Amino acid sequence: YGSVGNLRTDFAAIEDGTSKEAEPFISRQHLSIDPLDISRKRVDHRYIVKERKFEYVELCKLFLGVKGEQAYIGSVALSILAQLWGYTTVFSSAMAEKAPITDDAHTNYTIYTVVFASMVIPLTCLDLREQVQFQLVLSACRLVVISMMIITCLLASSSDSVHFIGTESPAGATLVNLPGFYEMFSVLVFSAMFHNAIPVLSEPVAEKKYLAGIFRNALIVCGMAFWTLGYVVAWFFGDAVEQSCNLNWDAYVGGTGFPSSNGSSTWTNVAVWARAVSYFVVLFPAVNIVSAYPLNAIVLGNNLMIKMHGQQAVTTHKSLKIIYRLLASSPPVIGALFVRELGVITSYAGVLAIVTVLCFPSLMHISSKRVARSRGYNEATVYESFGSSEGSALFILALSTLAAIYIL
């Protein structure tokens, strides 16, 4: 429901007299060359995304009115800020754990928070097209690190030697723990939160007709990867799982080496490859966040700017765009210096994510269909599937509302 292609935007543009502006964004496929002669070619009136980019906040105003727009801006601003806050704590915690600069953990965390800010804030000021190669490389590395975490746990479970210091065999975990559902559900939605970034992510794609398949496949791959990783890590480490689970690989030795003779918990003669795996798993998610942080900050900055100055300002006032992106990217870094518990941050962010990821897309989908019918316009887009009915949207809306109330 988050796909902007599923929303019927052109009739709203026609209604308020801006159809020329909307024309490059939404078109009708397979029109006959001669508009007066449709006898030779089949006409497909389904809408498709073109060059014109509608930010999420614009869609909220079109379909939910000014109050709906204001409610969305408030929800998404808090949600993205919490998300960026969580990114900062993951990076700083991982770096302080694996590459300490001083003997004080709090000082190390603070130093790395400042280092993180010096990297991500400048990146936020760049446009997405300028980051394509950087994002592609990190996407490939994400699949590598998830595969590595799953494989090392499975190998450790079938080996007699110690692969993780302090965890010599699978600790086990119950298959279902209903009291923990509210925490799991909010974090699950939080992990899949990308809907408000769809306009930004769609813009560089040359063939917009394939957007539905691109996002669907991305969700399937990420969902399977997260489910497998979550199950295997919980089964192997049990209650010893860190809030940021990659930190458990700080104790990875890969069945090599032996305990130090001085009585400490360190191991000696650990194989170089095992140390490399340990460093990669612990540090890569921190590096990966360097790519994710600017994407979300750009989305928030663009939406705030459109709300205050309109869509035209995004393309014509580059200095103003940078100011709003700085306003979006700076507060989470400052907040992370004071609240460092990832679990606390994700629990609040999860509730906000339910509202922005599930409630608003469903409401806009329902509204766009009803307005289209009331004005005699076509309802179909090329992105619709079995989950694009009003019934499905109403179900998601009801479920997400109940879930948000339950978690609160």
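The values are calculated or read from the model by the stated rules, or taken from the named source; none is laboratory data. None of the values given here were measured: they were computed from a predicted structure. Every residue, glycine among them, receives a Cβ derived from its backbone with ideal geometry; neighbour counts consider all protein chains shown. Accessible surface areas use protein heavy atoms only, side chains included; no ligands, DNA or RNA. Shrake-Rupley method; radii C 1.70, N 1.55, O 1.52, S 1.80 Å.
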Can you work out which of the residues in region 88-105 that are free of Cβ contacts under 8 Å to residues at least 24 places away in the same chain and in a helix (DSSP H, G or I) is most open to solvent (accessible area, probe 1.4 Å)? 105
Residue in region 20-36 that is at pLDDT 50 or above and among the aromatic types (Phe, Trp, Tyr) present: no
Among 157, 169, 147, 202, which is the only one that is touching a helix residue (DSSP H, G or I) at 6+ places or on another chain (Cβ under 9 Å) and under 29 Å from residue 81 (Cβ atoms)? 202
Which residue out of 285, 294 is modelled with pLDDT of 75 or more and open to solvent by less than 20 Å² (accessible area, probe 1.4 Å)? 294
Pair list, Cβ < 8 Å and 6+ apart or interchain, from region 215-237 residues that are over 26 Å from residue 383 (Cα atoms) to residues that are open to solvent by 80 Å² or more (accessible area, probe 1.4 Å): 232/154
Cβ-Cβ under 9 Å pairs, at least 6 apart or on other chains, region 149-178 side free of Cβ contacts under 8 Å to residues at least 12 places away in the same chain, far side open to solvent by less than 40 Å² (accessible area, probe 1.4 Å) and outside any loop (DSSP other than H, G, I, E, B): 168/156
Counted residues in region 77-109 being hydrophobic (A, V, I, L, M, F, W, C) and either at pLDDT below 80 or under 18 Å from residue 285 (Cα atoms) (or both) come to 9
Among what's in region 377-388 and is farther than 11 Å from residue 46 by Cα and open to solvent by less than 50 Å² (accessible area, probe 1.4 Å), pick the residue that is modelled with the lowest pLDDT. 387
